[in-house]
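The values are calculated or read from the model by the stated rules, or taken from the named source; none is laboratory data. These numbers were taken from a predicted model, which means no experiment stands behind them. Virtual Cβ from ideal backbone geometry, glycine too; neighbours counted across all protein chains shown. Protein only, heavy atoms only, side chains kept; ligands, DNA and RNA dropped before computing areas. Shrake-Rupley method; radii C 1.70, N 1.55, O 1.52, S 1.80 Å.
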Amino acid sequence: MKGFPNIWKEMNRSERMQLKAFICLLGILLLLILIAAGLLKKLGGSEEEPPQESSREEEHVPVTEYLHNVWIMGADSSGLLCFTGEGERLLRVAVPAGDNLRPGTTQSQADSGEGWSKVTDISWGTAEWLQGLREQVADLELSDGLVTALRIKSQKTGGKVLAADEDGIWLEGQGRLEFTEDVQGYRLFGEPESAGYRDLCIGYDFADFCLEEGRICAILLAREAAMENIRVLLKNSDYKGIFHDRVELTCDTDYTVQILDAADPQEAVVSYPAGESVELTARRGARLLVTPSARTGKIILESIHRSQGIPAYRGSLELWWTQEGIVLINELPLEEYLYSVVPSEMPAFYPQEALKAQAICARTYAYTHMLHAGYEELGAHVDDSSSYQVYNNILEQEAATAAVKATYGQLLVREDGKTLAETYYYSTSWGYGSDAHVWKTDSADEYEYIIPRHLSRGEMRRMLGQETETASQSPDLTREDVFAAAIRSIDPGDFESGEGWYRWSYTVKNLNCDTVRRQLQNRYEANERLVLTLDGEVYVSSSIGTFKEIRDLVILTRGAGGVADELLIETDRDTYKVISEHNIRYILCDGETKALRQDGSQVAMNSLLPSAFFTIEIAREGENVVGYNLTGGGFGHGVGMSQNGARAMAQEGYSAGDILRFFYDGCSVR
């Protein structure tokens, strides 16, 4: 090799060219040989060498999935028809090819704990086994999508649900049962659906509960609700709160007191004669049930006060000792509840058709809350205050009871004929109503049947088809000038033009900035989205700051029917925007000034203005607001049925059905 450079140098140019050509020829010849060898190998079908050990396919690792507290709707040899939170799902079982009835040999990955059954250990497909699986709750193990093991939750219980919250429920006679972390709920009637504790009917025994180690792992809503009794939380004296310090009672018949969570309820019953008073005490967490010996007996609750004096209650009384105080729940038939609601909400001397309309509204409102309890954690559907419907504040009245009996079981339903209407009502209109947007809730659009009608005789005739004249165009009451002109006039065609609250005024002569600030802070704490502070050019949610002077009060926007929707309060420090009719009524009520009605009478306003249908005129000293005058009309929020409007309609011969159709467009009585 060392001599090669010398040989190359000794060659002349011609010899070098010949050598290069020879080398190229050898390269081409070698390439042709390789191509020919490849062709011969293909034509000869020679076998490839076996792959190396490292290239072999890796062993399959199955994908394992666990489903907890699944509802097994059906079972046959093809698999399990299950319902989970995601809907129906057909799950096949791991079986060997060619054998549809015998279990497969897939190795189970399930926990070997008590209750688990591997499909290799059961007689899959036999009638007895399949029957035992149907309509059961189970944990399932799936391997590559096939059921390889399961555990049936066979222990069940049931009973009257006394209360429910996100952590558990109270069952009558069993005490409190907690939920497991993976609790599931199912509605079993009609089309299957997922359910939760909020779907339980408080005070009823319509559900079963599957247990796992003493805790509820599944809720099974077994029957459709057909409810007759309502559970009413009784507030303390003057409706100041929901907890009572003490409970003293008697009954106009013999009565019993039973400890609901006693080990042996029969031994925990004490009897008392009619008229004997007793102050009931118990340990924290205990529940007592007071029951008259006769269905018509009444429990006289001597430790609270109502407008009628000492109230008496039909049905039974349940007492629960909580950390905050004693909770009282009156359970009674819905119809008997209405005997005390209707006269508490509408004067019994009103015309019978107005009382019947009120009874249907009250029944529908109550039944809606029986389906979806307002106090599920305490075990009550409603309370007895104006937060729901005022109950038993006024003694039962014969005319009101007659209206309830005449409309027995009747409910107001929406246009589809089955969905219950939200039957909101209020005292008096100013000539127009509003709609559900006044409360600034996300559900307002669902109540399209509550429209801001003109409560006039002409509008009633047009609605009933009694007048062919085309309705005149409604004024745009969201405009400040249009509303101001309307509220300062009286329309004799309005049903309520003669009512005292049809027009009113409210004059604050000495504006107290501290009161306004306190009111602002209270409403901000109640809902921080509805009291905003100006920050630059945008309004933001922020705690109310200090201020000494108020520079301006302005209605920024009006809603349907002219209701004040947004109020601007400009101070020497910050500018605030108050949203919703309720907040505006609260903040502009100083608790001292009386409202002057159009009939000349004066009425104290303790916490709210009569309505938010008003204009505002301010009095100034220099640049500061020192007082204001409101010119307004109506009493209440203005949504749904005006009770005094219903009164006037009934006096002019309209029926309860006509009245309800006017206020709830497209709805009917069922």
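Taking only C-alpha pairs under 8 Å that are 6+ residues apart, what is the relative contact order of segment 340-496 in percent?
21 percent
From largest to smallest, the equivalent ellipsoid semi-axes obtained for segment 345-406 from the alpha-carbon gyration tensor read 24, 12, 8 Å. In segment 213-335, the portion of solvent-accessible area held by carbon and sulfur atoms comes to 46 percent [1.4 Å probe, whole percent, DNA, RNA and ligands not counted].
Packing, as the average of other Cβ atoms within 10 Å across residues, places the peptides 273-285, 296-308, 331-343, 563-575 in the order 331-343, 563-575, 296-308, 273-285, highest first. For K20, give me every one of the aspartates and glutamates with a C-alpha distance below 20 angstrom, ignoring sequence neighbours fewer than eight places off in its own chain. Of all the aspartates and glutamates, those that pass the test against K20 - Cα under 20 Å, at least 8 places apart if same chain - are E10. For segment 339-368 and segment 507-562, write down the distance between their C-alpha centroids in whole Å. Their Cα centres are 37 Å away from one another.
Taking every alpha-carbon pair within segment 445-582, the share separated by more than 23 Å comes to 50 percent.
Convex hull volume per residue, computed on the Cα atoms of segment 384-491, equals 196 Å³. Ordered from largest to smallest accessible area (heavy atoms of protein chains, 1.4 Å probe), the residues Y375, Y255 come out as Y375, Y255. Here the Debye sum runs over all C-alpha atoms of segment 541-589 as equal scatterers in vacuum, and log10 of I(q)/I(0) at q = 0.24 Å⁻¹ comes out as -0.92. Largest accessible area first, the listed residues D182, D238 line up as D238, D182 when surface is computed with a 1.4 Å probe on the assembled protein chains. In this structure, N527 and R223 have a Cβ-Cβ separation that, at R0 = 56 Å, corresponds to a calculated FRET efficiency of about 0.90. For the residue pairs K418/K440; K160/K298; K298/K418, the alpha carbons lie more than 29 Å apart in K298/K418. Seen against the Cα atoms of the chain and their longest principal axis, helix 334-345 is set at about 60 degrees. Kirkwood hydrodynamic radius of segment 215-289, from the reciprocal of the average inverse Cα-Cα distance over all distinct pairs: 15.8 Å. At a probe radius of 1.4 angstrom, the accessible area of the chain per residue rounds to 50 square angstrom. Any chance you could give the angle, 0 to 90 degrees and rounded to 10, that helix 352-371 forms with the longest Cα principal axis of the chain? So the inclination is approximately 30 degrees.
Rounded to the nearest 5, the antiparallel percentage of DSSP beta bridges internal to the chain is 90%. Local charge for E566 was computed over the other residues whose Cβ lies under 15 Å away, with Lys and Arg +1 and Asp and Glu -1, and equals +2. Relative contact order for the chain: what percent, with Cα pairs under 8 Å and sequence separation of 6 or more? Relative contact order of the chain: 10 percent.
Across every pair of non-identical alpha carbons in segment 577-626, the mean reciprocal distance, once inverted, gives a Kirkwood radius of 12.4 Å.
Segment 627-670 and segment 194-214 have Cα centres lying 40 Å from one another. Ordering 140-147, 190-197, 422-429 by mean Cβ neighbour count within 10 Å, with the highest value first, yields 422-429, 140-147, 190-197. Computed from the alpha carbon atoms alone, the convex hull of the chain holds 399 Å³ per residue.
Excluding same-chain neighbours fewer than eight residues apart, the aspartates and glutamates reachable from K235 by a Cα-Cα span under 15 Å are D245, E248, E302, E318, E324, E331, D383, D384. Annotation: Cα Rg of segment 528-666 relative to the compact-globule expectation 2.2 N^0.38 Å equals 1.27. Its convex hull of Cα atoms gives segment 153-263 a direction-averaged projected area, equal to a quarter of the hull surface, of 9.9 nm².
Residues Y408, Y388, sorted by accessible area with the largest first, give Y408, Y388 [1.4 Å probe; ligands and nucleic acids excluded].
Computed from Cα atoms, the angle from the helix 513-526 axis to the main principal axis of the chain rounds to 40 degrees. Most tightly packed first, judged by the mean number of other beta-carbon atoms within 10 Å of their residues, the peptides 67-77, 23-33 read 67-77, 23-33.
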